[in-house]
2 protein chains.
Amino acid sequence: MAEEVAQEQPRPTAPRPVRCIVKLGGAAITNKGELESINEENLRSACAQLRHAMSESDGDGATEKVLGMDWSRKPGDPADPAVDAEWIAGMAGLGLDTNFIVVHGAGSFGHFQASRSGVHKGGLHSTLVKAGFVATRISVTSLNQEIVRALAREGIPSVGMSPFACGWSTQQRKLASANASQIIQSLHTGFVPVLHGDAVLDELLDCTILSGDVIIRHLAQLLSPRYVVFLTDVHGVYDRPPTDPNAVLLKEIEVDDNGGWSIVKPALLQGNTKGVEISVAAHDTTGGMETKILEAAVIARLGIDVYITKAGTEHSLRALKGDVSTDSEDWLGTIIRSSK
Amino acid sequence: MAEEVAQEQPRPTAPRPVRCIVKLGGAAITNKGELESINEENLRSACAQLRHAMSESDGDGATEKVLGMDWSRKPGDPADPAVDAEWIAGMAGLGLDTNFIVVHGAGSFGHFQASRSGVHKGGLHSTLVKAGFVATRISVTSLNQEIVRALAREGIPSVGMSPFACGWSTQQRKLASANASQIIQSLHTGFVPVLHGDAVLDELLDCTILSGDVIIRHLAQLLSPRYVVFLTDVHGVYDRPPTDPNAVLLKEIEVDDNGGWSIVKPALLQGNTKGVEISVAAHDTTGGMETKILEAAVIARLGIDVYITKAGTEHSLRALKGDVSTDSEDWLGTIIRSSK
C-alpha cells in the first residue's frame, strides 16, 4: 500500500521547496467518542501554533493583531462581520512563510457513515454504498470547512481542496491518479492547501476510502518537504497501547533502504523490532497504526524527517517549526528518520 | 466573454448524454437582503422538484419513502442519526435518472466578501485581496455544502465539486482551464455533481470570480445536455425590470447563428431587440442580466433549449422534466432556442 507511486498528470514546476506537510490527526482535532464533534480547544491551539511556526518575525506572535480571513456571519449574530478593509489594505504583507500543506484526518466525522455503509469495500451498485458515499463526503467535507475556517481565523490563507473533487482516485485501494497541479499552483500563489481523507472512486472496487496518511506520503514523495509533522492525541509512538502504564515512548526510529526499521531511542529497546506492539492511539481506526508507520517510513526513506507528537503542547510547536533534532533530549515525541 | 472555449485536458468519454444542467440561481435559493441566509423553503422545494423530475416512476413521488443521504448529526440533536441500513441495502436501486448536473449561484453568500476586497479585480500581492479570496471561498463553499445536504436529504446522490479545487482557472476573466474529467466520472458512476460560482486563479490578474453562468455554458458546450434550466426568483426574462407593473414576460427568444437574438413571443414585441431593457431580477448582481442572456444564447445556438423560470412553481417542475415546448401556452417562463 505504501509503495506505489500514483500516475501523475503534467504539472507546473514547484517554485520553491515546501517547508512542511502537517497532518492534523482526527484523534487530536475531534472528540472521537461523539459523532461529528470538533475538539475546539485543540483545533484552535493547533492553528495558533501553525501561525506561530509560519511567522517570519521573532516574536511569539501573541501581541500581533491577526488578520482574520473568515468573514462569514457568526451563527446567531445578526450583524455583518466587521472587516477593517482599510487596515488590511495598508498591510505590507502577511509576514508569514505560508509554504505549508495541511492534511487532516476524519476522527469522529465520516467514520459512522463509512462503516455503516461499507464504502471502503466498494460496490456502488448497492444503494447502501452509494448513499454511504454521499453521506461520508458530506461529513468529511463539513469538517474540512471548519478546519479551513479555523486556520483562516488565525490569519492563515487556507483553501479547502477535496481529493475526490480534485479527481484523486484509487485502483484496488492503491492511489492510482493524484493530480497535484492545483495544490502546487495554490502554494505558488501563497495559499495553504487543506486536504483531507475522503471517499474516492476506485477503478476496480468502484469506490473506497483514501486516508489522509496516504495523501501525505504521496505529497511528500512529490514535493519533498523539509519535514513532515503528525499531530495526534498522545506524545508519539509507543511500544504498546499508550493507555498501558508500562508503555514506553519510542523517541527515535531509524528506517533503512529496504524499508526495515529499528528503534534507536530509548536505548533499552535498541534494535528491537519484534515483540513491541507499536501503537499511537488505540481508538485511531483510520488505516490503523501499522499503515501510519509504514507511510511515515516511506517518507523517512526519502531523507525527510517525520515528527509524531501531541497537539497543543510545546513539543508540537517545536515540531511545526522544524526545531527538533535527534539530540533534543527535552523534546517529547517520535522522530522517524532515514538511517543514511 | 461568452465565446471562448477553455483548454481541455484528456477526458474519458461520456457514456450517455447528460439530460439536464440546472442552475439554482442565487436569487432563488438565498435571501439576497441578508448576509449568508438560505431561502430554506425555496431550496427544499427546488430539491424536491429535482427528485421528481429524475424519478423513473410515473407517480408524483410524494408517497415514496425517500432514501435520505445526509447522515450527519442535526445541530442540537445529541442522538446519532437513524440509518436503516437493512432497508437501504434491500432496495433494488434508486429509481432515479441521475444524469443531471447542478450549478448554483452565490446569492447572499460570497458577495459581501468579494466586493469588500475586490477579488474579481485580482492582485494577490494585496493582503486585502488575498484575505478576501479566502473569505469568499469559505462563504461560497459553505453554501455548496448546504445545497449538497439539501439534495442528499431528498435522496439525490449529490457530490460537491468546487471549481477552484478542481483546477478551473481563467485568463483575464475568460475561462482558460476547465478539467471536467471528474465531473464526467461522477456522472458515469451515478452521482450528481454540484458546482458553484467560485473565486479562482487568473493567469493575468492573479485571481477573479468565475460565475455559475459561465460554468454552465462551458459544461453545455462540452456535454451537450438535452436542455438547460435556470431557476430564478421571477417568472423569466422581462422587457424591463420585473418590479415595473408594465413589465412584459418574454416567452420565447430566438437566437440566430451569428448570436443575434429576437423576440418571438409575445407577438406584440416580435422582432424587437432594441428598446427593451431585458431584465430578470434587478438585484441579481452576478454578471448582470446581459451576461446571463449572452451565456444562454451561446447554449441555444448549439441547439440546446434553455428554460428560465421561477423556482418552486409548477412551471419550474415542468422545465426540470423537460416538459416544455414553444406551443406550451400555459407554461410561464422564457424559452431561449436556436432559430434553426
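The values are calculated or read from the model by the stated rules, or taken from the named source; none is laboratory data. Quantities reported herein were computed from a predicted structural model and do not represent experimental measurements. All Cβ positions, even for glycine, are placed from backbone atoms using ideal geometry, and neighbour counts span all protein chains on display.
Numbers at a glance
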{"item": "Test: residue in region B:125-132 that is buried (at least 19 other Cβ atoms within 10 Å of the Cβ), more than 7 Å from every other protein chain (Cβ to nearest Cβ) and either touching a strand residue (DSSP E or B) at 6+ places or on another chain (Cβ under 7 Å) or closer than 30 Å to residue B:205 by Cβ (or both)", "result": "yes"}
{"item": "Single unsatisfied condition, residue B:166 versus (1) touching a residue at least 40 places away in the same chain (Cβ under 8 Å); (2) within 8 Å of chain A (Cβ to nearest Cβ); (3) of a type outside the set (Gly, Ala, Ser)", "result": "(1)"}
{"item": "Yes/no for residue B:208 being at negative phi, touching a His at 6+ places or on another chain (Cβ under 8 Å), touching a residue at least 24 places away in the same chain (Cβ under 8 Å) and within 14 Å of chain A (Cβ to nearest Cβ)", "result": "yes"}
{"item": "Leading residue by the ranking (modelled with the lowest pLDDT) among those in region B:62-95 that are out of contact with any helix residue (DSSP H, G or I) (no Cβ under 7 Å at 6 or more places or on another chain), at the interface with another protein chain (Cβ under 10 Å from one of its Cβ atoms) and surrounded by 13 or more Cβ atoms within 10 Å (Cβ to Cβ)", "result": "B:81"}
{"item": "Qualifying position, being within 14 Å of another protein chain (Cβ to nearest Cβ), among the β-branched types (Val, Ile, Thr) and farther than 30 Å from residue B:127 by Cβ, among A:214, A:264, A:192, A:200", "result": "A:200"}
{"item": "First in region B:67-85 and farther than 27 Å from residue A:76 by Cα and in a loop (DSSP other than H, G, I, E, B), second anywhere and of a type in the set (S, T, N, Q) and modelled with pLDDT of 75 or more, Cβ under 7 Å, 6 or more apart", "result": "B:67/A:127"}
{"item": "Flag if residue A:98 is crowded, with 24+ Cβ neighbours inside 10 Å, at the interface with chain B (Cβ under 10 Å from one of its Cβ atoms) and touching a residue at least 24 places away in the same chain (Cβ under 8 Å)", "result": "no"}
{"item": "Residue count, region A:143-163 (criterion: within 18 Å of residue A:119 (Cα to Cα) and either more than 7 Å from chain B (Cβ to nearest Cβ) or surrounded by fewer than 24 Cβ atoms within 10 Å (Cβ to Cβ) (or both))", "result": "1"}
{"item": "Qualifying residue in region A:103-115 (condition: facing chain B (nearest Cβ under 9 Å), surrounded by fewer than 24 Cβ atoms within 10 Å (Cβ to Cβ) and modelled with pLDDT under 95)", "result": "yes"}
{"item": "All positions within region A:298-340 that are of a type in the set (Gly, Ala, Ser) and more than 18 Å from the chain's Cα centre (by Cα)", "result": "A:303, A:325, A:328, A:338, A:339"}
{"item": "Total residues in region B:176-185, condition more than 7 Å from chain A (Cβ to nearest Cβ) and in contact with a strand residue (DSSP E or B) (Cβ under 7 Å, 6 or more places away or on another chain)", "result": "3"}
{"item": "Any hit, region B:148-161, residues being charged (D, E, K, R) and closer than 27 Å to residue A:89 by Cα", "result": "no"}
{"item": "Residues located in region A:19-61, provided they are modelled with pLDDT of 95 or more and part of a loop (DSSP other than H, G, I, E, B)", "result": "A:19, A:39"}
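Residue-by-condition table, conditions (1) surrounded by fewer than 19 Cβ atoms within 10 Å (Cβ to Cβ); (2) touching a residue at least 24 places away in the same chain (Cβ under 8 Å); (3) touching a helix residue (DSSP H, G or I) at 6+ places or on another chain (Cβ under 7 Å):
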site	(1), (2), (3)
A:172	yes, yes, no
A:178	no, yes, yes
A:188	yes, yes, no
A:191	no, yes, no
A:204	yes, yes, no
A:247	yes, yes, no
A:253	no, yes, no
